[in-house]
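See structure below.
The values are calculated or read from the model by the stated rules, or taken from the named source; none is laboratory data. Please read all numbers here as calculations on a predicted model, not as lab measurements. Backbone-built Cβ (ideal geometry, glycine too); neighbour counts: all protein chains shown.
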Ligand code: FES
């Protein structure tokens, strides 16, 4: 499936159709979505954790809303992954 992600930071609109995870979230520090998701996989569960691990939203702060969305999305995906393992979906699918 072809997927395009669009993000708006103030008046600037960014789109990345080739590799959504490479989309820059924080322009000040050049942090992309992949780096934020990696921080979540490494244990970040709050915006403060994300800021401490990556530096996102620690300069102008204009990326904070987008970073919070990525954090929420990544946490939900991890939660669903854990639930599928706990509920045995993974084992049933593999069998
Ligand atoms: S765009 Fe992230 S701190 Fe400025």
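For residue 29, the criteria (1) at pLDDT 90 or above; (2) part of a loop (DSSP other than H, G, I, E, B); (3) in contact with a helix residue (DSSP H, G or I) (Cβ under 7 Å, 6 or more places away or on another chain) hold in every case but one, which is (3).
Of the residues making up the stretch 29-48, those that are surrounded by 15 or more Cβ atoms within 10 Å (Cβ to Cβ) and near the ligand (Cβ under 10 Å from one of its atoms) are 29, 31. When residues in the stretch 60-75 are screened for being crowded, with 21+ Cβ neighbours inside 10 Å and assigned to a helix (DSSP H, G or I), 4 of them pass.
Before we move on, is residue 56 assigned to a helix (DSSP H, G or I), in contact (Cβ under 8 Å) with a residue 24 or more places away in the chain and crowded, with 21+ Cβ neighbours inside 10 Å? So residue 56 does not fit the description; no.
The selection criterion, being touching a helix residue (DSSP H, G or I) at 6+ places or on another chain (Cβ under 8 Å) and free of Cβ contacts under 8 Å to residues at least 24 places away in the same chain, does not hold for residue 67. Summed over the stretch 49-80, the residues that are under 28 Å from residue 30 (Cβ atoms) and more than 9 Å from the ligand (Cβ to nearest atom) give a count of 18.
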